[in-house]
Amino acid sequence: MSQWPDRRILDLFGIELPILQAPMAGPGTPELAIAVCEAGGLGSLPCAQLSVEQAQPAVETLRRGTARPINLNFFCHTPPAADPARERAWRERLAPYYQEFGLDPTAVPPGAARQPFDERYCALVEACRPEVVSFHFGLPAAPLLARVKAAGARVIASATTVAEARWLQARGVDAVIAMGLEAGGHRGNFLGEDMARQVGSFALVPQIADAVRLPVIAAGGIADGRGIAAAFALGAAAVQIGTAYLFCPETRTPPWHRQALKDAADDDTVVTNIFTGRPARGILNRAIRELGPMAVEAPPFPTAAAALAPLKAWSEAAGSGDFSNLWSGQAARLGREMPAAALTRLLAEEALARMK
Ligand SMILES: Cc1cc2nc3c(=O)[nH]c(=O)nc-3n(C[C@H](O)[C@H](O)[C@H](O)COP(=O)(O)O)c2cc1C
């Protein structure tokens, strides 16, 4: 497609459509990524919630499923030091729910693991040689980053402010994902923590486009062709779309999450730290209403998830998402239920029709 007004990302990644399917730890699957790649976009495999042993077969499935460029995504947080006092306070805060559900508070299994990119994931990247690697929460240490680049990957990472975009550019990324506050899932912030200062996409995308010489990928609240055309008008060379893909049959979006997405109004999402200890945007539910949205007791990322895990498992077994992280951006009601390849092509057609 030659009609796109900015071809920088298309040429950089070797893709046909400037649409990146966002990596979404949890619901994201190789099948989703394959469908998007085959439709001409960039499919992404979220690896943050997969151990290396789990990521390996998923990467193999993805490579077998498409010969087109792929993106592997990793988190870059620093694991926190143990904080027993805070952990205790969090468990005390959750104790009434354990009582309500008849759960044993001493038998708390670990929550979903969220490992930062390390030596072993790097070896996986070197073996798989993905065309693109994306990072969330900053970048790995310079020697690891150098190895990723030496393996031939284009490196991209999320920025939630101009300062973060400049920081990423100074460390050699190939493109910046400008993540506006509308976006679903964990905020990608890594230089500042004040959620009251988060910037919306309409203000963020053009300011980052002006501040860096790299192509910008807009993320947050984009769910149809209007959003894509607007992102290009603001200076983006591509978009990264998450929430709109949660409606596709190729995702592992559980039924309670799917229903909540279908029912979500524009103002039904909030930024909360209660599920993992790190601010993330999700649909309001009982847990957020009663514990958050921002709980001072929540231990740092990702440890808050462990004590909440039994409550999540208990309510999910009863078919409820009351204690689940129902990640969603602000544009959920623009979502359409259709296969991911059809959605990718439709998004591109709608955007091009608007940009004529
Ligand atoms: C369910 C869900 C899980 C997410 N998990 C990740 C992740 O593992 N890695 C990542 O870089 N971004 C993750 N994100 C953020 C997306 O990459 C993207 O920035 C965001 O979805 C864009 O906003 P939108 O949801 O409004 O389209 C996640 C988003 C959602 C909705």
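The values are calculated or read from the model by the stated rules, or taken from the named source; none is laboratory data. Small disclaimer: the values here were computed from a predicted structure and weren't measured. Note: ideal-geometry Cβ built from the backbone for every residue, glycine included; neighbour counts use all protein chains shown.
Odds and ends about this structure:
- Scope region 253-275; condition of a type in the set (S, T, N, Q) and within 11 Å of the ligand (Cβ to nearest atom); matching residues: Thr253, Thr269
- Residues satisfying the stated conditions in region 130-171, i.e. of a type in the set (Lys, Arg), more than 23 Å from Gln198 (Cα to Cα) and assigned to a helix (DSSP H, G or I): Arg147, Lys149
- Single unsatisfied condition, Arg278 versus (1) among the basic types (Lys, Arg); (2) part of a helix (DSSP H, G or I); (3) within 16 Å of the ligand (Cβ to nearest atom): (2)
- Residue match in region 164-178 (condition: polar (S, T, N, Q), farther than 14 Å from Phe74 by Cα and modelled with pLDDT of 95 or more): yes
- Considering region 102-123, and only residues there that are outside any loop (DSSP other than H, G, I, E, B) and either within 16 Å of the ligand (Cβ to nearest atom) or at pLDDT below 95 (or both), the residue that is nearest to the chain's Cα centre (by Cα) turns out to be Pro116.
- Among residues of region 212-240 being crowded, with 18+ Cβ neighbours inside 10 Å and in a helix (DSSP H, G or I), the one that is nearest to the ligand (Cβ to nearest atom) is Gly227.
- Within region 48-78, tally of residues that are surrounded by 13 or more Cβ atoms within 10 Å (Cβ to Cβ) and assigned to a loop (DSSP other than H, G, I, E, B): 8
- As a summary of the residue check, Arg289 satisfies the conditions (1) surrounded by 20 or more Cβ atoms within 10 Å (Cβ to Cβ); (2) outside any loop (DSSP other than H, G, I, E, B); (3) in the same structural domain as Arg91 (by TED's automatic domain parsing) except for the one numbered (1).
- Verdict on Ala89 being hydrophobic (A, V, I, L, M, F, W, C) and surrounded by fewer than 24 Cβ atoms within 10 Å (Cβ to Cβ): yes
- Any pair with Cβ under 6 angstrom, 6 or more apart, that starts in region 58-85 at a residue that is farther than 15 Å from Ala157 by Cα and ends at one that is surrounded by 17 or more Cβ atoms within 10 Å (Cβ to Cβ) and of a type in the set (D, E, K, R): Pro69/Glu131
- Residue check, Thr243 farther than 30 Å from Lys356 by Cα, of a type in the set (S, T, N, Q) and within 15 Å of the ligand (Cβ to nearest atom): no
- Candidates Pro57, Pro69, Pro18, filtered to the one that is more than 17 Å from the chain's Cα centre (by Cα), within 15 Å of the ligand (Cβ to nearest atom), modelled with pLDDT of 95 or more and not assigned by TED's automatic domain parsing to the domain that holds Leu103: Pro18
- Output for region 60-105, where each listed residue is over 30 Å from Leu45 (Cα atoms) and charged (D, E, K, R): Asp83, Arg86, Glu87, Arg88, Arg91, Glu92, Arg93, Glu100, Asp104
- Answer from Ser158, Ser134 - the residue that is in contact with a Pro (Cβ under 7 Å, 6 or more places away or on another chain) and within 21 Å of Ile9 (Cβ to Cβ): Ser134
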